[in-house]
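Here the structure comes first, spelled out in structure tokens, and everything after it is commentary.
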Ligand SMILES: Cc1ncc(COP(=O)(O)O)c(C=O)c1O
């Protein structure tokens, strides 16, 4: 294959199926560069999550790196998927999603947030939040004159998809220890080229829940610059202090907001990849125009199961937040006892800790050594930042609390050896 433009080499030796190095032209290198996966020599390295999970498997360390639960979710939800397979729901579902799940998402938005949505036109089922994000960004931005504003550090798919779209990523820093954006920074970041303000709240990797002032300023700026707000609310039910407030519920926000969530975190079914995006019908149609050519549809048997989950009683939703709050506290206490400074998260699976007092000057190196030193895997916050801003996060480490209590206790006792 003839190389075109700037060439990147894929290190195919990491793949199980191919063992040579080749030059491959195409848009993929924008995605890889956007996600920070291109090494100085042009080769592509795996994501930090793949690297650290492999390290955990190799060393037997406890994996507090990747954010997935190690316990099954509610039995009703699991049973509903088994029943759906037995009942023959194994072919393509309708393009927007099965009607029962569209209704269940609409009922959920009404029940928790007072948002009245037309299930036929204002809800779209996607292959996880990840596809919803990709389809929304690819639908709404178009080339180098467009800008997407994100809060940094950020979930890694954002930068990859923005790079694929060809738009410019503009970041607003979230700083230790509370990780709330400075409103002046936010105002400077948003301008007439801003097509999308992408807000992840509750926030991965920091665990921050944005204040009412931040949410209001996002809406004000989007109105002033005629931008669309895209929210990533996959941790909406994993908040520890106040109930979650979707930006779409703010005055004037709904008409310019696409809200994204998924069943993965709420029902501990991250492998099922059932997500949804809600908003005004014209924006949803624009997203559908792209989404139908990404996956078309997915998860026919999992869709009714997630509908069952969304209709579980309030006790279930309170229970998952209570359980994760207790785990957050357990993890936080263990990290403090080990000598970390800890930023107490208000939501999400994650806790960020500062390893400076433990001698760290580069969290990536610290994390690579942590399995040997303490038998635990975690992820450096620099993995969620653009190369220019990594220095700000140089000693910060993200730990996942979404593990069984005994696993967290064992991790805490291992980390105590760092002292
Ligand atoms: C902030 C955020 N958005 C989206 C996702 C992915 O969601 P899904 O598995 O539904 O695609 C994750 C998963 O870790 C996440 O942390």
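Each reported figure results from applying straightforward, stated rules to the coordinates on display, with no laboratory input. A quick note: this is a predicted structure, and the numbers were derived from the prediction, not measured. Heads up, the Cβs are rebuilt from the backbone with ideal geometry, glycines too, and the neighbour counts pull from every protein chain shown.
Observations
- The relative contact order of the stretch 268-417 comes to 23 percent, based on Cα pairs under 8 Å that sit 6 or more residues apart.
- Neighbour counts of C-beta atoms inside 10 Å place 254, 316 in the sequence 316, 254, starting with the fewest.
- Net length gained if the chain between residue 292 and residue 110 were fully extended (0.36 nm per residue, minus Cα distance): 62.9 nm
- In summary, the convex hull built on the alpha carbon positions of the stretch 309-373 has an orientation-averaged projected area of 5.7 nm².
- Percent of alpha-carbon pairs separated by more than 16 Å within the stretch 84-165: 65
- Summed over qualifying helices (DSSP H, 4 residues or more, each -39500 (n - 2.57)) and divided by its residue number, the chain shows a 222 nm mean residue ellipticity of -12000 deg cm²/dmol.
- Burial order of peptide ranges 322-335, 191-204 (average beta-carbon count within 10 Å, highest first): 191-204, 322-335
- Order of 291, 273 under a 10 Å beta carbon neighbour criterion, fewest first: 273, 291
- The stretch 237-368 - Rg over Rh from alpha carbon coordinates, Kirkwood radius: 1.06
- Using alpha carbons only: equivalent-ellipsoid semi-axes of the stretch 292-332, gyration tensor based, whole Å: 31, 16, 7
- Relative contact order (%) - the stretch 120-216, alpha-carbon pairs under 8 angstrom, separation at least six: 28
- Ascending count of other beta-carbon atoms within 10 Å, so fewest first, for 225, 108, 29, 23: 23, 225, 29, 108
- Cα convex hull volume per residue for the stretch 72-128 (Å³): 106
- When Rg and the Kirkwood Rh are both derived from Cα coordinates, the Rg/Rh ratio for the stretch 75-311 amounts to 0.96.
- Against the empirical 2.2 N^0.38 Å (N residues), the stretch 333-419 has a Cα radius of gyration ratio of 1.02.
- Taking the stretch 75-311 and dividing mean pair separation by its residue count, relative contact order in percent (alpha carbons under 8 Å, at least six apart): 31
- Inter-part distance where the stretch 208-223 and the stretch 272-342 are each reduced to a Cα centre, Å: 21
- Hydrodynamic radius by Kirkwood, which averages 1/r over all alpha carbon pairs of the stretch 266-313, in angstrom: 12.3
- The shape of the chain can be summarised by an equivalent ellipsoid whose semi-axes, obtained from the alpha carbon gyration tensor, come to 31, 27, 24 Å from longest to shortest.
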